[in-house]
Amino acid sequence: MPETIAQWAERLRGANRITGRFDLHIGDVRVRVASNSDELLDKLRHYFRHFRGPEGGEVDFVVEAYQADKPDFGVEYVDWVRDPGKTGRKDAYADAPDGRFVWKVRTGMQFLVGDGIHIAVGDCLANDNQVINFVNSQYIAGLVDAGWQLCHAAAVVHGGHAVAIAGFSGRGKSTLALHLLGHGLNYASNDRLLIAKQDGGVRLSGVAKFPRINPGTALSNPHLSNILTAERRAELEKMPVEQLWDLEEKYDVDIDAAFDDAEFILAAPMSAFVVLNWDRKTDAPLEFRRVNLREREDLLGVIVKAPGPFYIAPDGLDPDGRQIIDPEPYYDVLADIPIYEVRGRVDFDAAVDACMKLF
């Protein structure tokens, strides 16, 4: 049985004939997506329509997505260490001499990552969101290797400048970002963004991915009324608010369809970073407070994000599935960026008003 990533890649290519491909330009990164499923390619072309580039020519990497039965790679997977506060099994991995096998526990999708090899295999049609994430993970890896810092945050753009929004788990960063889009702002990112010093300031780059939201966000925003069926909306409206906040049920938001004037702007100079630390159990008034990030390690812990199992550093694989994040580059990049902590009660209208003053 093959043992290396390269050997398994050749076996998969021999068993699954590529029927089509297309090219993407995500920022300065050129990506080619290839598959044995025309249906999957059509779905991905539509999803990445904002980033379609001229076909042909050299690319930075190729992602191959094979619609196929789950293969048995003959490896013993180990659970990837999840972020603090996260529970349940999500990712598992097995390292090979020339790369890594990654298994998505909940869906059964598997991935091969090695030198010049980026392959997704399994029921890609049913799990196209994971293929999309896989494409974006390679874009993220390229920027991380170039010295950018990865953040767990959303971002919106107005007047050519961006504000990032992070938050403690379940605090509504995506909900606030989508409320801001309803006030004429543009969209940069929902859950991952990268930051770097450039041209005397800080530049922010999102990823080529639409927001994925919980149903409570859809209920609270009239622009998202068509995401839920009338039947599901009626069911959700009967639920207690606390239950809605914790409900794990994801919906994609097509920015073009939901917001008439919003554009997908991938990158922009950064003006501020907002960290949501409000409390839905308090009646205290909302407060936007500027803070010194070096004095608030708890807030930095909310902002930083490890690249995850798809990422292999230039100096090799991370031991034991752990990616240790050095805080100093984040402190350095954000040294001159205003950082605001949001405390008090959850009040999206007041938060929108406060955020609008940051541009």
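In table form, for the structure just shown:
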| read-out | value |
| --- | --- |
| In degrees, nearest ten, helix 5-15 long axis to first principal axis of the chain (Cα) | 70 |
| HN-Hα J in Hz across the stretch 183-191 - Karplus 6.51, -1.76, 1.60, θ = phi - 60°, x for Gly and Pro | 9, x, 8, 9, 9, 10, 6, 10, 9 |
| Shape call, the stretch 240-303: gyration tensor on alpha carbons, a/c limit 1.5 | oblate |
| Within the stretch 163-278: Cβ-based charge dipole about Cα centre, in debye rounded to nearest 20 (Lys, Arg +1; Asp, Glu -1) | 440 |
| Dipole magnitude of the chain, debye to nearest 20 (Cβ charges: Lys/Arg +1, Asp/Glu -1, about Cα centre) | 440 |
| For residue 96, residues with placed amide H under 5 Å, excluding near neighbours | 101 |
| HN-Hα J in Hz across the stretch 202-218 - Karplus 6.51, -1.76, 1.60, θ = phi - 60°, x for Gly and Pro | 10, 9, 10, 10, x, 10, 7, 8, 6, x, 10, 10, 7, x, x, 5, 5 |
| Share antiparallel - DSSP beta bridges, the chain, percent rounded to 5 | 75 |
| Coil-residue trypsin sites (Lys or Arg not before Pro) of the stretch 259-359, DSSP, other Cβ within 10 Å capped at 16 | 280, 281, 296, 322, 345, 357 |
| Debye equation applied to the C-alpha atoms of the chain, log10 I(q)/I(0) at 0.07, 0.09, 0.15 Å⁻¹ | -0.31, -0.52, -1.43 |
| Per residue accessible area of the stretch 17-146, 1.4 Å probe, in Å² | 45 |
| Qualifying GluC sites (Glu not before Pro) in the stretch 50-84, DSSP loop, other Cβ atoms within 10 Å at most 16 | 55, 58, 76 |
| Unit charges on C-beta of K, R, D, E only; dipole of the stretch 1-156, Debye | 480 |
| Sequence-distant residues sharing a close amide H with residue 275 (under 5 Å, placed H) | 166, 340, 341, 342 |
| Using θ = phi - 60° and Karplus 6.51 cos²θ - 1.76 cosθ + 1.60, couplings along the stretch 340-351 (whole Hz; Gly, Pro as x) | 10, 9, 9, 10, x, 6, 6, 9, 5, 4, 5, 5 |
| Three-way shape label, the stretch 1-77, alpha-carbon gyration tensor, a/c 1.5 | prolate |
| Charge dipole of the chain about the Cα centre (unit charges at C-beta), most positive-ward option of 15, 337, 313 | 337 |
| Carbon and sulfur %, accessible surface of the stretch 1-129 computed with the full protein complex present, 1.4 Å | 45 |
| Radius of gyration and maximum dimension Dmax of the stretch 1-155, Cα, Å | 15.5, 46 |
| For the stretch 1-96, share of DSSP beta bridges that run antiparallel, in % to the nearest 5 | 65 |
| Cut-off under 5 Å, modelled amide H: who pairs with residue 20 long-range | 35 |
| Rule-of-thumb Rg ratio for the stretch 48-119 [Cα; 2.2 N^0.38 Å; N residues] | 1.36 |
| Entries in 209/250; 43/209; 90/250; 173/209; 43/104 that, when Cα-Cα distance is taken, lie over 18 Å | 43/104 |
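The values are calculated or read from the model by the stated rules, or taken from the named source; none is laboratory data. Quick caveat: nothing in here was measured; it's all calculated off a predicted structure. A quick note on method: Cβ atoms are made from the backbone with ideal geometry, for glycine too, and the neighbour counts reach across all protein chains shown. In case anyone asks, the SASA skips ligands and DNA or RNA and just uses the protein heavy atoms, side chains included. Shrake-Rupley method; radii C 1.70, N 1.55, O 1.52, S 1.80 Å.
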